[in-house]
Amino acid sequence: MFQIAKRFLGGFGYNVALLGQVLRHLPALPRQLGRVVQYCGEIGYKTFPIVGILSFFIGAVLALQTGFALQQLGAQSFIGSIVGLSVARELAPVMTAFLLAGRVASATTAELASMKVYQEIDALRTMHIAPEKILVLPRLVAVLLVMPLLTMFSIFIGWLGGQVVSEFVSFIGLSPNIYWRGLMDFMTVEDVTDGLVKGEIFGFFVILIACAQGLATRGGPREIGFAVTRSVVIGMIFILFTDYFITRAQL
Amino acid sequence: MPPAPPSKSEDTPVRVEVEDLEVSFGKTTVLHDISFQVDPGEIFVIMGPSGSGKSVLLRTLIGLLAPSKGSVTIDGQDARNPRTHEAVKSALVFQAGALFNSLSVYDNLAFYPREHRTAREAEIRKKVGETLRMLSLEDAADKFPSELSGGMRKRVAIARTLVMEPRLLLYDEPTSELDPVMAATISEIIGSLRAELQVTSVVVSHDRDLAQSIADRMILLEEGRIVAAGTPAEVLESSEASIQQFFHPDINVQQPRYRASLSKPPES
């Protein structure tokens with residue numbers, strides 16, 4: 001138990017220290033804009049298709065489940081509001097962050113861990129170049145820029161998935177007008193912004209954890225694999241854990 | 001952030017002083033009471049068997065590891081301060097090269113000046129081109145590190161440090177895993193770089209031939225302690241018994257077996 005607590009505190013401390021290092025290099029950000037753009041492409045642009053597919057089916061299944069229950073009460077018109085709120089406040093930010101952990105954080109950890117194991121990180125230091133400045137800072141800035149876009153895209157596609165199912169599944173048979181009116185009547189701008197804030201927090205820390213896990217890797221190729229697994233698992237646990245507290249704070 | 005140490009001159013080689021150095025990892029002490037001095041422009045060899053602490057000493061000199069006790073100073077400035085290394089442009093040739101695997105050889109060499117913006121792209125191209133020519137690597141410019149032989153990787157690693165125009169150049173096992181001809185080529189390069197660039201060089205090696213051929217002075221490490229120090233002749237003579245014990249005589253090839261092809265050494 002003591003060992004687990006010690007490891008947890010050590011890992012937490014390493015993440016905080018890494019964040020501190022990154023903040024120290026913030027004035028160098030203008031010179032890292034090229035890398036920020038590159039990582040925006042890697043983190044954001046290439047993640048859009050998978051976020052779209054996942055979000056569409058999450059919205060669709062949610063509409064299917066709620067539609068099946070609500071049609072027995074004759075309350076199908078509430079599907080829009082239920083899908084709208086669930087997707088915007090919860091499912092879109094959480095699922096987008098999960099995808100980020102699975103697709104981007106794993107690749108980030110693998111890249112940095114392999115650079116660490118093969119001494120490329122040491123080489124950077126001996127060239128008087130801080131790895132935190134060129135490898136971590138641009139990634140964190142990029143994720144802060146693209147995460148709201150990804151979450152917003154996920155919200156909209158999730159709503160669309162719900163609408164398609166509501167319209168074409170025979171036992172629901174809800175017209176698009178009623179679906180969208182129900183959704184708009186219940187939704188507020190705050191519901192969407194709360195979701196975007198969640199997504200921003202999840203994305204930032206998932207990438208920070210991924211970078212920390214990569215840079216802390218020691219050993220050989222086997223440890224690179226372990227680091228990737230750890231990065232994804234810790235990232236996902238972080239998302240679920242903080243989701244509860246952010247939701248409590250937002251309600 | 002500590003202030004940048006004053007630099008004597010951008011061109012003069014530097015002096016390295018190590019005093020009562022001790023490096024520990026947890027409860028294990030790897031280096032004990034190490035003291036020596038490397039004079040400006042000198043080639044100083046640190047020799048010893050595997051596990052004697054050579055690489056740890058080198059990593060402490062370059063600031064990658066912090067001493068547990070004692071001090072390392074470069075031109076009188078604390079080696080733990082990254083600004084010291086930036087001021088003297090210290091550089092390390094890693095044992096395995098530590099090349100950036102996702103960049104071509106050209107981009108590996110251009111990385112430092114691009115990041116530090118020490119020159120414009122046209123000047124960088126010229127400088128990198130000259131360095132590649134100096135080490136006979138022109139044909140490798142567009143290749144990636146994974147496409148290079150061991151000898152070429154070593155030469156690219158040296159070339160990458162030369163682009164930095166270092167005043168202190170550290171080599172970690174520069175001839176390990178190389179055939180005798182390529183090892184001779186690398187030792188020739190180290191010697192000529194000192195002659196041409198007046199750089200202070202510290203070479204870590206367990207290659208007795210390399211030490212004999214290039215060192216001005218050397219130390220012999222054994223279990224983290226200096227057991228002999230002086231000129232190569234003095235050290236090798238005084239420690240012959242220890243050396244024979246540590247280094248299998250078979251690996252010390254006195255004469256290159258490929259003498260006929262010395263003019264154009266084969267890649268390992």
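Please treat every number below as a calculation from the coordinates, not as lab data. Source: prediction; values computed, not measured. Glycine also receives a Cβ, built like all others from the backbone with ideal geometry; neighbour counts cover every protein chain displayed.
Observations
- Complete set of residues in segment A:100-120 that are more than 9 Å from chain B (Cβ to nearest Cβ), surrounded by fewer than 24 Cβ atoms within 10 Å (Cβ to Cβ) and within 25 Å of B:T161 (Cβ to Cβ): A:K116, A:V117
- Residue within segment A:122-129 that is among the charged types (D, E, K, R), facing another protein chain (nearest Cβ under 9 Å) and closer than 30 Å to B:H85 by Cα present: yes
- Scanning segment B:67-92 for residues that are more than 13 Å from chain A (Cβ to nearest Cβ) and either touching a Lys or Arg at 6+ places or on another chain (Cβ under 7 Å) or surrounded by fewer than 16 Cβ atoms within 10 Å (Cβ to Cβ) (or both) yields B:S68, B:K69, B:S71, B:D75, B:G76, B:D78.
- Residue that is farthest from B:S205 (Cα to Cα) [pool: residues in segment B:20-54 that are of a type in the set (D, E) and over 20 Å from the mean Cα position of the chain (by Cα)]: B:D20
- Taking the listed residues A:G34, A:G13, A:G20, the one that is surrounded by fewer than 12 Cβ atoms within 10 Å (Cβ to Cβ) and away from every other protein chain (no Cβ under 14 Å) is A:G13, with no other qualifying.
- Each residue in segment B:111-144 was checked for being over 18 Å from B:T161 (Cβ atoms), assigned to a helix (DSSP H, G or I) and within 14 Å of chain A (Cβ to nearest Cβ), and 1 of them qualify.
- Only one of B:T60, B:T28 that is more than 14 Å from every other protein chain (Cβ to nearest Cβ) and polar (S, T, N, Q): B:T28
- A:L196 meets each of the listed conditions (1) touching a Pro at 6+ places or on another chain (Cβ under 9 Å); (2) at positive phi apart from (2).
Matching residues to (1) within 15 Å of the chain's Cα centre (by Cα); (2) surrounded by fewer than 19 Cβ atoms within 10 Å (Cβ to Cβ); (3) under 26 Å from A:F98 (Cβ atoms); (4) among the hydrophobic types (A, V, I, L, M, F, W, C):
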position: A:F168; (1), (2), (3), (4): no, yes, no, yes
position: A:S175; (1), (2), (3), (4): no, yes, no, no
position: A:G182; (1), (2), (3), (4): no, no, no, no
position: A:D185; (1), (2), (3), (4): no, yes, no, no
position: A:E190; (1), (2), (3), (4): no, yes, yes, no
position: A:G195; (1), (2), (3), (4): yes, no, yes, no
position: A:F205; (1), (2), (3), (4): yes, no, yes, yes
position: A:C211; (1), (2), (3), (4): yes, no, yes, yes
position: A:T217; (1), (2), (3), (4): no, no, yes, no
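- For first residues located in segment B:137-149 and of a type in the set (D, E, K, R), partners that are in a loop (DSSP other than H, G, I, E, B) and surrounded by 15 or more Cβ atoms within 10 Å (Cβ to Cβ) and lie 6+ apart or on another chain with Cβ distances below 6 Å form the pairs B:D142/B:S104.
- Answer from B:A98, B:A157 - the residue that is closer than 24 Å to B:G53 by Cα, in a loop (DSSP other than H, G, I, E, B) and within 14 Å of chain A (Cβ to nearest Cβ): B:A98
- Residue count for segment A:37-81, restricted to those that are exposed (fewer than 14 other Cβ atoms within 10 Å of the Cβ) and of a type in the set (F, W, Y): 2
- Being polar (S, T, N, Q) and closer than 19 Å to A:G52 by Cβ holds for only one residue in A:T96, A:T193, A:T109, and it is A:T96.
- Taken over segment A:187-243, residues that are among the aromatic types (F, W, Y) and either touching a residue at least 24 places away in the same chain (Cβ under 8 Å) or outside any helix (DSSP H, G or I) (or both) amount to 4.
- Segment B:61-74 - residue that is of a type outside the set (G, A, S) and within 18 Å of the chain's Cα centre (by Cα) and, of those, nearest to B:F44 (Cα to Cα): B:L61
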